[in-house]
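Undergrad: Just dropping this structure here.
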Amino acid sequence: MKSIYLVLFIFISVHCFAAKQEVNVVKTTVPPVIDGKLDDATWTSANKFTGFITFIPDFEKPMPEKTEAWLSYDEENLYFAFKCYDSEPEKIKATVSARDQIMDDDFVCVNLDSHNDQQSLYAFYVNPLGIQGDSRFAAGTEDPSIDLVWYSAGKLNDDGYSVEMSIPLKSIRFAKNDTVQMGLFLERTIARTKTHGSVPELDPEKGYAFLTQFMGVNYAGINYHRLWEILPAVTYKHTDINQDGEMVKDQRKPEASLTVKYGITSDLVFDGTLNPDFSQVEADAGQIDVNLRYQLLYPEKRPFFLEGLERFNVAGTQTSVIDPIQMMVHTRTIVNPLTGAKLTGKIGKKDEVNILYSADELGTETADGKNEYAHFPLFRYKRNLKDESFLGFLYTGREAPEFNNRVLGVDGQVRLNKSTMFEFNGFHSQTIAADEKSPGNSFGLVLTHDTRNLTYKLSAKGVDDDFHVETGYLTRTGIYQLAGLLNPKIYPGNKVFNRLDFELFTTYTRDRIYSMNETYNFVSAQVRTQGRGIFKIKYLLSNEIFMGERFNTGGVNVLLGGAAGNWFEGHVVYRRMNGIYYSTDPEQGKYNKITSTFSFQPLPKLNAVASLSWYDFVADNSHEKLYNYPIERLKVTYQFNKYLFLRGVGEYNGFSKQFVGDMLLSFTYIPGTVGHIGYGALYQQTDADLNFFDENHGPTQQQRGFFIKLSYLIRS
């Protein structure tokens, strides 16, 4: 392993690519008023950019609508402004929505590589009404769950719209020098045609390798003030449950929590929390939870864990839908944390250190009556190199009274040329239960080539029978896997279709447990129209080994999506597949599966999202329908202004005959300074032979409750 590191380091160190554009940003002495009007003196002397060029649906085309952008700064803030002209201003899509809910709107985006090291970026999105969205991108994955403190405003005009943004330097990580160097990529999206354009222009031979194509921007004379944040929060929960047909007291639980953030340097931050408030203001959307070979994946939503989570991304994972290792770190495995601490950031120019610890209450007690805990220590080190390349080390652990799991290993990615990336990882796990040790290993090798006309990917994976990651998300062990993807892209350039994508994917898997082979192959074609229409058809020829038998899992998938003006957008996916009924006595069968989502925006402040998931399974031999599982969900939100919304969610699970209803009134001034009031109830038809609504025996309430949460961010 040391020799591999040495060869890779030498290769990357001597490998050079073309120098990129650099801009010395003009400093302002009078900060602009962030109101979206562009009438401040700052913008008359600021750096100005025009000539936005498209990269979606195609590269190297002039943006169909004129766009101008400006940037400036002072000692404590970065400033950006956009003037987005539009020849059909009545067709601009702009909604008053909650934070991060603007990706179907027109928007502008500032993508900021705050270290100028091609490793990660902050993305700051703003729609024409000034509504914000933000995200972090690292190791090939974008995470929209981060919420940073920054300011924006937008204004619709007769000839388009304008946007202003202010990003406090306290809200981002950067290397403090006399002149701070960052990378910048300015972006505009036109919703009605799904057209994306940028400055600088993307090279079609580099595909979507964004981080290697940023322009350099230099900020001289930045004054860094050490970051202090204190976030106290109080929550009160009041719940009742059904007991013998009557609703009785369950919880009356007031709680207080405290989270502290301290900037050791401009690039190294400590976070600590006591009795953290990890309450979620919206329940997880229901998922079909029958006939599963592996557990469902629910996204992380808890603020303490979300910040900096992208720093634990591992190269060479999530390479396909059947990749056995999806995540090495998935913090939802920490169920009921009592306390937590993080140290994240860079030490020096290229070295990155990230440490996370949490104590998880298990709900059990020792013989002398003390609470038992599982301890989660996580350690991540990266040596950042040129053009997105890096070498990394990861340790994860779960230490519990009678069960320990420890994993360590290395990973990295190396840019071989401007369009080709090589990724690798190798890990060793040791699980100790009842004084028995079970070691296991895994590895992953991935080669990806991406350009305008062609994408291909080759991968090799291996996971031992006894390889376990209690802090991560695995779908399969005891296999070797080889996979290949070929994705040619065609651009017709006519008035109907703007892009055709074809995919050929093949996988060979060796099941080491049963010494049997399986394959997963598909061919697909996808059509994108000049508007927002999409059609995709996929044919699968595949099989799967389960309990020592080979089952047919092939079939057909069809996707159809589109939009009507600014008020409607939706998509439907239908699958008709062969499948397995997973049990100790598995059966071959066939299933239908439908997943669909429809979004309605009848008014700028009113949004409704309806979704349906439906899944059935019929056994081949008996022709018996083993289950029929529908989930229907409706979420309606009224956004009074950018700070305050009222939301109602109703979800019916037809398999368990349960209905869940939630109401939430939410106020967010800035991330951290929030107030929430919520109510929820669960109803169930307890007679399995009756419909949910039956005139003689209707559903009964099983749970109900409300909560209040208040928190206030103190920042200096």
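The values are calculated or read from the model by the stated rules, or taken from the named source; none is laboratory data. All values reported here derive from a predicted model rather than from experimental measurement. Cβ sites come from the backbone with ideal geometry, for glycine too, and all protein chains shown count toward neighbours.
Undergrad: Against the conditions (1) at pLDDT 95 or above; (2) surrounded by fewer than 22 Cβ atoms within 10 Å (Cβ to Cβ); (3) out of contact with any Pro (no Cβ under 7 Å at 6 or more places or on another chain), where does Leu156 fall short? Just the number, please.
TA: Single failed check for Leu156: (3).
Undergrad: Scan segment 76-88 for residues that are surrounded by fewer than 22 Cβ atoms within 10 Å (Cβ to Cβ) and either touching a strand residue (DSSP E or B) at 6+ places or on another chain (Cβ under 6 Å) or under 18 Å from Ile34 (Cα atoms) (or both) and report the count.
TA: Within segment 76-88, the first condition is being surrounded by fewer than 22 Cβ atoms within 10 Å (Cβ to Cβ), and the residues that meet it are 76-77, 83, 85, 87-88.
Still in the list and also either touching a strand residue (DSSP E or B) at 6+ places or on another chain (Cβ under 6 Å) or under 18 Å from Ile34 (Cα atoms) (or both): 76-77, 83, 85.
Qualifying residue count for the region: 4.
Undergrad: Still on this structure, please answer the following. Could you grab me the full set of residues in segment 212-232 that are surrounded by fewer than 21 Cβ atoms within 10 Å (Cβ to Cβ) and of a type in the set (A, V, I, L, M, F, W, C)?
TA: Met215, Ala220, Ile222, Leu227, Trp228, Ile230, listed by residue number.
Undergrad: Provide a single number: the residues in segment 6-27 that are surrounded by 13 or more Cβ atoms within 10 Å (Cβ to Cβ), in a loop (DSSP other than H, G, I, E, B) and at pLDDT below 95. Working first, answer last.
TA: Let us first name the residues in segment 6-27 that are surrounded by 13 or more Cβ atoms within 10 Å (Cβ to Cβ), namely 8-9, 11-12, 15, 17, 20, 23, 25-27.
After this cut, where a residue has to be in a loop (DSSP other than H, G, I, E, B) as well, the list is 15, 17, 20, 25-26.
Among the residues that remain, those that are also at pLDDT below 95 are: 15, 17, 20.
Qualifying residue count for the region: 3.
Undergrad: Confirm whether Gly207 is of a type outside the set (Ser, Thr, Tyr) and not in a strand (DSSP E or B).
TA: Here the answer is yes, as Gly207 does meet what is asked.
Undergrad: Identify the residue in segment 472-492 that is outside any strand (DSSP E or B) and of a type outside the set (S, T, N, Q) and, among all such residues, is nearest to Ile322 (Cα to Cα).
TA: Arg476
Undergrad: Now for a different question. Scanning segment 645-658 for residues that are touching a residue at least 24 places away in the same chain (Cβ under 8 Å) and in a strand (DSSP E or B), which turns out nearest to Gln287 (Cα to Cα)?
TA: Restricting to residues being touching a residue at least 24 places away in the same chain (Cβ under 8 Å) and in a strand (DSSP E or B), the top hit is Asn653.
Undergrad: Lys93 passes all but one of (1) under 23 Å from Pro604 (Cα atoms); (2) under 15 Å from the mean Cα position of the chain (by Cα); (3) of a type outside the set (A, V, I, L, M); (4) part of a loop (DSSP other than H, G, I, E, B); which number fails?
TA: Answer for Lys93: the failing condition is (2).
Undergrad: Something else about it: Looking only at segment 43-65, which residues are over 31 Å from the mean Cα position of the chain (by Cα) and closer than 30 Å to Asn641 by Cα?
TA: Matches in segment 43-65: Trp43 only.
Undergrad: I've got another one for you. Within the group Gln639, Gln658, Gln701, which residue is among the polar types (S, T, N, Q) and within 24 Å of the chain's Cα centre (by Cα)?
TA: Residue meeting the stated conditions: Gln639.
Undergrad: Where residues in segment 493-506 are over 26 Å from the mean Cα position of the chain (by Cα) and either part of a loop (DSSP other than H, G, I, E, B) or in contact (Cβ under 8 Å) with a residue 60 or more places away in the chain (or both), which of them is farthest from Lys461 (Cα to Cα)?
TA: Lys495
Undergrad: For segment 453-471, which positions are of a type in the set (D, E, K, R), in a loop (DSSP other than H, G, I, E, B) and crowded, with 16+ Cβ neighbours inside 10 Å?
TA: Asp464, Glu470
Undergrad: Looking at Ala175 and the list (1) among the small types (Gly, Ala, Ser); (2) part of a loop (DSSP other than H, G, I, E, B); (3) buried (at least 20 other Cβ atoms within 10 Å of the Cβ), which single condition is not satisfied?
TA: Result: Ala175 fails condition (3) only.
Undergrad: Tell me whether segment 226-238 contains one or more residues that are free of Cβ contacts under 8 Å to residues at least 40 places away in the same chain and either in a strand (DSSP E or B) or out of contact with any Asp or Glu (no Cβ under 7 Å at 6 or more places or on another chain) (or both).
TA: yes
Undergrad: Check Arg383, Arg406, Arg398 and return the single one that is surrounded by 21 or more Cβ atoms within 10 Å (Cβ to Cβ), touching a strand residue (DSSP E or B) at 6+ places or on another chain (Cβ under 8 Å), part of a strand (DSSP E or B) and basic (Lys, Arg). Quick ask: steps written out before the conclusion?
TA: Values: Arg383 fails: surrounded by 21 or more Cβ atoms within 10 Å (Cβ to Cβ); Arg406 fails: surrounded by 21 or more Cβ atoms within 10 Å (Cβ to Cβ).
From the options Arg383, Arg406, Arg398, the qualifying one is Arg398.
Undergrad: Under the condition of being of a type in the set (Asp, Glu) and part of a strand (DSSP E or B), which residue from segment 114-161 is nearest to Tyr79 (Cα to Cα)?
TA: In this case the residue turns out to be Asp134.
Undergrad: Which of the following residues is over 18 Å from Thr471 (Cβ atoms), among the hydrophobic types (A, V, I, L, M, F, W, C), crowded, with 18+ Cβ neighbours inside 10 Å and in contact with a strand residue (DSSP E or B) (Cβ under 8 Å, 6 or more places away or on another chain): Phe390, Phe376?
TA: Details: Phe376 fails: over 18 Å from Thr471 (Cβ atoms).
Selected residue: Phe390, the only one of Phe390, Phe376 that is over 18 Å from Thr471 (Cβ atoms), among the hydrophobic types (A, V, I, L, M, F, W, C), crowded, with 18+ Cβ neighbours inside 10 Å and in contact with a strand residue (DSSP E or B) (Cβ under 8 Å, 6 or more places away or on another chain).
Undergrad: Which of (1) among the polar types (S, T, N, Q); (2) within 30 Å of Phe393 (Cβ to Cβ); (3) assigned to a loop (DSSP other than H, G, I, E, B) does Gln101 not meet, given it meets every other one?
TA: For Gln101, the exception is condition (2).
Undergrad: Those residues that are more than 24 Å from Asn441 (Cα to Cα) and within 22 Å of the chain's Cα centre (by Cα), I need them from segment 374-388; list them, please.
TA: Taking segment 374-388 first, the residues more than 24 Å from Asn441 (Cα to Cα) are 384-388.
Residue satisfying the conditions is Glu388 alone.
Undergrad: Restrict the check to segment 669-688 and report whether at least one residue is more than 31 Å from the chain's Cα centre (by Cα), of a type in the set (Asp, Glu) and either part of a strand (DSSP E or B) or at negative phi (or both).
TA: Yes, that holds for at least one residue.
Undergrad: Would you check which residues across segment 375-396 are of a type in the set (A, V, I, L, M, F, W, C) and free of Cβ contacts under 8 Å to residues at least 40 places away in the same chain and list them?
TA: Within segment 375-396, Phe379, Phe393 qualify.
Undergrad: Please determine whether any residue of segment 277-290 is aliphatic (A, V, I, L, M), closer than 30 Å to Tyr591 by Cα, under 24 Å from the mean Cα position of the chain (by Cα) and surrounded by 17 or more Cβ atoms within 10 Å (Cβ to Cβ). Step through it out loud before you land on a result.
TA: Our first condition is that a residue be aliphatic (A, V, I, L, M); within segment 277-290, this holds for 281, 283, 285, 288, 290.
Then drop every residue that is not closer than 30 Å to Tyr591 by Cα, which leaves 283, 285, 288, 290.
Checking which are under 24 Å from the mean Cα position of the chain (by Cα) leaves us with 283, 285, 288.
Subsequent filtering for residues that are surrounded by 17 or more Cβ atoms within 10 Å (Cβ to Cβ) retains 288.
Yes; the residues of segment 277-290 include at least one that is aliphatic (A, V, I, L, M), closer than 30 Å to Tyr591 by Cα, under 24 Å from the mean Cα position of the chain (by Cα) and surrounded by 17 or more Cβ atoms within 10 Å (Cβ to Cβ).
Undergrad: Could you tell me how many of the residues in segment 521-562 are small (Gly, Ala, Ser), in a strand (DSSP E or B) and touching a residue at least 60 places away in the same chain (Cβ under 8 Å)?
TA: Here is the first cut: in segment 521-562, the residues small (Gly, Ala, Ser) are 524-525, 531, 533, 542, 548, 554-555, 561-562.
Subset that is in a strand (DSSP E or B): 524-525, 542, 555, 561-562.
Applying the additional criterion that residues be touching a residue at least 60 places away in the same chain (Cβ under 8 Å) yields none.
So the answer is 0.
Undergrad: Does at least one position in segment 127-138 carry a residue that is modelled with pLDDT under 90, buried (at least 20 other Cβ atoms within 10 Å of the Cβ) and of a type in the set (Gly, Ala, Ser)?
TA: Yes, there is a match, as at least one residue in segment 127-138 is modelled with pLDDT under 90, buried (at least 20 other Cβ atoms within 10 Å of the Cβ) and of a type in the set (Gly, Ala, Ser).
Undergrad: Among the residues of segment 159-172 satisfying the criterion of being modelled with pLDDT of 95 or more and hydroxyl-bearing (Ser, Thr, Tyr), which is surrounded by the fewest Cβ atoms within 10 Å (Cβ to Cβ)?
TA: Across segment 159-172, the extreme among qualifying residues is Ser166.
Undergrad: Thr67 is checked against (1) within 20 Å of Pro31 (Cα to Cα); (2) surrounded by 22 or more Cβ atoms within 10 Å (Cβ to Cβ); (3) among the β-branched types (Val, Ile, Thr) and fails just one. What number does that condition carry?
TA: Of (1) within 20 Å of Pro31 (Cα to Cα); (2) surrounded by 22 or more Cβ atoms within 10 Å (Cβ to Cβ); (3) among the β-branched types (Val, Ile, Thr), only one is false for Thr67: (1).
Undergrad: Can you list residue pairs whose Cβ atoms sit under 6 Å apart, with the first residue in segment 688-715 being closer than 30 Å to Val674 by Cβ and the second being part of a strand (DSSP E or B) and polar (S, T, N, Q)? Count only pairs 6 or more apart in sequence or on different chains.
TA: Gln702/Asn242; Gln702/Gln684; Gly705/Thr239; Lys709/Thr235; Tyr712/Thr673; Leu713/Thr673
Undergrad: For segment 39-62, how many residues are closer than 20 Å to Ile534 by Cβ and outside any strand (DSSP E or B)?
TA: Qualifying residue count, segment 39-62: 4.
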